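First up is the structure itself, then whatever we jot down about it.
The values are calculated or read from the model by the stated rules, or taken from the named source; none is laboratory data. Only a predicted model underlies this, so the values are computations on that prediction, with no experimental measurement involved. Every residue, glycine among them, receives a Cβ derived from its backbone with ideal geometry; neighbour counts consider all protein chains shown.
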C-alpha cells in the first residue's frame with residue numbers, strides 16, 4: 001500500500017511539473033495534450049489559430065509591399081559629401097481577419113467560431129540612403145550593384161481600435177537594397193531588398209477581467225467575466241522584395257513580389273469548461289513557437305512632384321492551411337489571402 005501511495009504521489013508530481021512544459025512547443029502541436037477530449041482540443045485550436053493567423057497579417061501590416069513607396073530604383077551617390085536620400089511618410093492598412101476568440105459557441109460536441117474582421121492601420125516612416133553608385137555598362141544603363149541602406153519605424157495605434165486590444169505597439173526595421181538597374185529615360189529601375197523588422201507585444205482579448213487563482217500547472221480559475229480567449233505576442237519579420245519601376249510624364253508604376261518569414265514566441269489562453277467537469281478553468285500557454293512564411297505581390301502608382309512623389313499601393317498576401325484540429329465549423333478560412341494597401345508621400349534629395 002505504501003509503495004502504491006508513493007507511486008501515486010510521484011505520478012501526481014510529474015503531472016504538475018509537466019504542465020508548464022506542455023505550454024512550451026509549437027503552434028501546430030501545443031493543443032495535442034487534449035487529444036482525449038475533442039471539444040477541449042477544438043477550443044484550444046480555435047485560439048491557437050488566431051495566433052497563427054494574426055502573426056503574418058501583422059507582419060505584412062508593418063512591412064507593406066515596397067520598402068520605398070513608388071520606386072524600385074536605387075538612389076546612387078551625389079557628388080560631394082551628401083549622399084542621395086529619400087524619406088517616406090506612409091499609412092499601411094490590412095484587411096485583417098481572425099477567428100473571433102471573444103466568444104465561442106458550443107452545440108453538442110462541436111465548437112463554432114465566427115470570423116472577426118477589422119481594417120488594421122499602421123503609421124510609419126521609411127528612409128533610404130544611397131551608399132554606392134554601382135556600375136554602368138553603357139550610357140544611361142547603370143546602377144548595377146548600387147546599394148541603399150533602408151530603415152523604418154512604425155506605430156500600430158491599437159488603443160484606437162477599442163478595449164479588445166492592448167496598448168499601442170511600436171516597430172523598427174533596417175536593411176539594404178541592391179540595384180540591378182537604375183531607372184533612366186530608356187531603362188526601368190530594378191532592385192532587390194532585404195529588411196529585418198521587430199514588433200513589440202500586441203494583445204487581443206482578455207480571458208479574465210478579475211483575479212485568477214492557480215489550480216496547478218498552467219491552469220487557473222477566474223473570479224470574474226472575460227473573453228473566451230486571449231492572445232499576446234510580438235514578432236520578428238525578415239522580408240525580401242524584388243521590384244521593377246518606370247516613370248513617364250510624371251506618372252509611375254512599380255510592381256514587385258515579396259517573401260516574408262515571421263517568427264514569434266506567443267502566449268495565449270482560453271476558457272475550457274470541459275477539463276474539470278462543472279468548474280470552468282482558464283488554461284494558459286507561454287512561449288509557444290509560431291513560424292510562418294508567405295509570398296505576396298504589390299503594385300504602386302505614383303505621381304511625381306518637384307522633390308518627391310505621392311504614392312498609393314495595393315498588395316495581396318497568400319493564406320495557409322489551418323492548424324491541426326481547428327474547428328471545420330468556423331466561419332474563418334485561413335486559406336484565404338490577405339489584402340493590404342499603403343498611401344504615402346516620398347520626398348527625395
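When 91, 51, 87 are screened for being under 19 Å from residue 237 (Cα atoms) and not in a helix (DSSP H, G or I), only 91 passes. Each residue in the stretch 299-338 was checked for being under 21 Å from the mean Cα position of the chain (by Cα), crowded, with 20+ Cβ neighbours inside 10 Å and not in a loop (DSSP other than H, G, I, E, B), and 4 of them qualify. Within the option set 146, 125, 40, 138, being more than 24 Å from the chain's Cα centre (by Cα), over 21 Å from residue 233 (Cα atoms) and at pLDDT 90 or above holds for one residue only, 146. Inclusion of residue 120 among residues that are in contact with a helix residue (DSSP H, G or I) (Cβ under 6 Å, 6 or more places away or on another chain), crowded, with 18+ Cβ neighbours inside 10 Å and under 30 Å from residue 89 (Cα atoms) is warranted. Looking only at residues of the stretch 284-298 that are crowded, with 20+ Cβ neighbours inside 10 Å and touching a helix residue (DSSP H, G or I) at 6+ places or on another chain (Cβ under 7 Å), we find that the one that is farthest from residue 70 (Cα to Cα) is 285. Which residues, taken from the stretch 167-199, are surrounded by fewer than 20 Cβ atoms within 10 Å (Cβ to Cβ) and at pLDDT below 90? Listed by number, the residues that qualify are 167, 168, 184, 185, 186. Restricted to the stretch 227-245, and to residues there that are over 19 Å from residue 197 (Cα atoms) and modelled with pLDDT of 95 or more, the residue that is nearest to the chain's Cα centre (by Cα) is 243. Comparison of 48, 9 shows that the only residue that is loosely packed, with under 14 Cβ neighbours inside 10 Å and either at pLDDT 80 or above or at negative phi (or both) is 9. Under the condition of being in contact with a helix residue (DSSP H, G or I) (Cβ under 8 Å, 6 or more places away or on another chain) and either buried (at least 17 other Cβ atoms within 10 Å of the Cβ) or within 22 Å of residue 50 (Cα to Cα) (or both), the residues counted in the stretch 206-229 number 5.
Let's see how each residue does on (1) surrounded by fewer than 24 Cβ atoms within 10 Å (Cβ to Cβ); (2) out of contact with any helix residue (DSSP H, G or I) (no Cβ under 9 Å at 6 or more places or on another chain); (3) modelled with pLDDT of 90 or more:
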{"position": "27", "(1), (2), (3)": "yes, no, yes"}
{"position": "56", "(1), (2), (3)": "no, yes, yes"}
{"position": "59", "(1), (2), (3)": "no, yes, yes"}
{"position": "79", "(1), (2), (3)": "yes, yes, no"}
{"position": "84", "(1), (2), (3)": "yes, yes, no"}
{"position": "89", "(1), (2), (3)": "yes, yes, yes"}
{"position": "103", "(1), (2), (3)": "yes, yes, no"}
